[in-house]
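Notes follow once the structure below has been shown.
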Amino acid sequence: MEDIGEALARVRERIARAAEEAQRDPNSIRLVAVSKTKPADDVRRAYLAGQRDFGENYVQELVEKAAQLVDLPDLRWHLVGHLQRNKVKSALEVVSCVHSVDGTRLARELGKRAAAMQEDPALRERARLSVLVEVNVGGEAQKSGIAPAELGPLLETIEQEPALQLSGLMAVPPHTPDPEGARPFFEELARLRERHGGVARLPELSMGMTHDLEQAVLAGATIVRVGTAIFGSRNHSVAPQ
Ligand SMILES: *Cc1c(COP(=O)(O)O)cnc(C)c1O
C-alpha cells in the first residue's frame, strides 16, 4: 500500500487543484482524515505527516483510538457518524467537533453535557463544542440527517445552548457512480445555508469524500472528510452501532 504521508500529499493536491478551479483559497478548506476501521498507528503516521484533524464514525472506536494517541495533544477529533444520545457523555470527553447533529433532543443533550463538563474544575478549560447539523439532502430513508424543512427550529435550538457553537451544515449525498452526480446535492446544502443566515451564521459546509471531494470544493465546501484516499480501502464493513 502507498505510504500514508504520500497519500495525504496527493489528497491535499486534489483539494488545491479544485480550489484553484473554483478560484478559492486552498487554505479555506480543511481536511478531516476519516480513520474509521484503521489502527491508531495509521492515525499517528498521518499526524507525523502534518495532519491534525481526524474523523471517526463510532464513539466507542473514537474513544479507544484517542486513548492510544493522548500523547498528541493538538490532534483534533471530529465525530462524523450518527450520534446516539446515550453516547453523548463519552463522546464529549474527546471530540472537538460533532458533524452529525440531526435532532433537537440530541442538540439539547449535547448542550447540557457540554455545559456540565465546562463547569467541572477537574476537566481542562474547554472551548464551546463546535457542532454542525447533518442534513439529509437526498431524502433517503436509510440515512441520518434532518429534513431540510426542519432545519430552522434545530438551528435555533442549538443557538439557545450556551455551551454549543453552531458552526455549519454537513451532508452525505446519495452515492452516484459519477462524482458529478453529487454536485446538485452539494449545491442544495450551500443553498440551505443561504436560506438560513448565510456564512455569518453557518461558516462551515462539511461535504465531499474520497469519491467527490472536487465537486464539493466547487460547490463551496470548507471541510472535506476523506478516508479511503488517505488510509486505503476499508477491508471490513463497520457494524451498525
Ligand atoms: C466514511 C466516511 C467518510 C470518508 O469516506 P471515504 O469515501 O472513505 O473518503 C466521510 N464522511 C462520513 C460521514 C463517513 O462515514
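Derivation of every value follows stated rules applied to the coordinates shown; laboratory data play no part. Just so it is clear, the structure is predicted and the values come from calculations on it, not from any experiment. Heads up, the Cβs are rebuilt from the backbone with ideal geometry, glycines too, and the neighbour counts pull from every protein chain shown.
What the Cα atoms of the range 147-192 give is an Rg and a Dmax of 13.6, 42 Å. Using the charge dipole of the range 50-148 (Lys, Arg: +1 at Cβ; Asp, Glu: -1 at Cβ; taken about the Cα centre), state which of 80, 107, 54 has its Cα farthest towards the positive end. Value computed over the given set: 107.
Relative contact order of the range 48-200, taken over Cα pairs closer than 8 Å and 6 or more residues apart, is 19 percent. Between the amide H of residue 36 and those of 57, distances stay under 5 Å, these residues lying 5 or more places away or on another chain, with hydrogens modeled in the peptide plane. Loop-resident GluC sites (Glu not before Pro) (DSSP state other than H, G, I, E or B) in the range 125-165 with no more than 14 further Cβ atoms inside 10 Å of their Cβ: 125, 140. Counting only Cα atoms, the chain measures 44, 42, 34 Å along its principal axes, largest extent leading. Spacing of the modelled spin labels on residue 22 and residue 10, each 7 Å from Cα toward Cβ, amounts to 2.2 nm. Simple point charges give the picture: +1 on the Cβ of Lys and Arg, -1 on the Cβ of Asp and Glu, and for the range 1-128 a dipole about the Cα centre of about 520 debye.
Placing pseudo-labels 7 Å out from each Cα toward the beta carbon at residue 115 and residue 84 gives an inter-label distance of 2.6 nm. Could you work out which residue, out of 61, 214, 204, moves most in a Gaussian network model of the chain, that is, has the largest mean-square fluctuation with Cα springs under 10 Å? It is 61.
With an 8 Å Cα cut-off and a minimum separation of 6 or more residues, compute the relative contact order for the range 156-229 in percent. Across the range 156-229, relative contact order equals 29 percent. Here the chain is treated with +1 on each Lys and Arg Cβ and -1 on each Asp and Glu Cβ, and its dipole about the Cα centre works out to around 420 debye. A crude spin-label estimate for the pair residue 96 and residue 76, with each label 7 Å from Cα along the Cβ direction, gives 0.5 nm. For residue 105 and residue 149, what does the FRET efficiency come to when R0 = 25 Å and r is the distance between their Cβ atoms, rounded to the nearest 0.05? Efficiency at R0 = 25 Å is approximately 0.90. Taking trypsin sites (Lys or Arg not before Pro) across the range 84-171, the ones in a DSSP loop with at most 11 further Cβ atoms lying within 10 angstrom of their Cβ are 124.
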